[in-house]
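Please treat every number below as a calculation from the coordinates, not as lab data. These numbers come from a predicted model, not from an experiment. FYI the Cβ positions are ideal-geometry reconstructions off the backbone, even for glycines, and counts take in every protein chain you see.
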């Protein structure tokens, strides 16, 4: 019998949470006081959707995305008393905020926004 409590299994789970769903802690804000949302949204990825939720000391953080004919639809939840940083590899012209108030700032790698607790729905054009 092999142990299921092994680093290799945790590494796969970490990849799913931090890369596919895009939920990770901000290094200098431990305990998920600030949550980084940075999913892999790329035409080269052969997935049509991903979602994950995580119980933090502040509440449930979650992110889900789904590929649509126009691009992607993403829903992010940041728990109360926490904040988030949403980073996407697109330009402001490609992003439509459907719900929540988000002000994206452009950078060479895409757009980034700091957001307070809340639920955000974003449509991204290809």
Residue order, fewest to most surrounding Cβ atoms within 10 angstrom, among 67, 125
125, 67
Over the stretch 7-125, what is the mean sequence separation of C-alpha contacts under 8 Å (at least six apart), divided by residue count, expressed as relative contact order in percent?
22 percent
GNM on the chain, Cα springs under 10 Å; top mean-square fluctuation among 96, 34, 18 goes to 96
Take the alpha carbon gyration tensor of the stretch 21-87, find the square roots of its eigenvalues, order them as a ≥ b ≥ c, and report rounded if a/c is under 1.5; if not, report prolate when a/b exceeds b/c, else oblate.
prolate
Which of these, 39, 30, 79, has the largest mean-square fluctuation under a Gaussian network model of the chain (Cα springs below 10 Å)?
30
Quick one: compute the contact order of the stretch 12-82, relative version, from alpha carbon pairs under 8 angstrom and 6+ residues apart, as a percent.
26 percent
If I stretch the segment between residue 57 and residue 98 completely, what's the gain in nm (0.36 nm per residue apart, minus their alpha carbon distance), one decimal?
12.0 nm
Placing each pseudo-label 7 Å from Cα in the direction of the beta carbon, residue 42 and residue 123 end up separated by a distance in nanometres of 2.6 nm
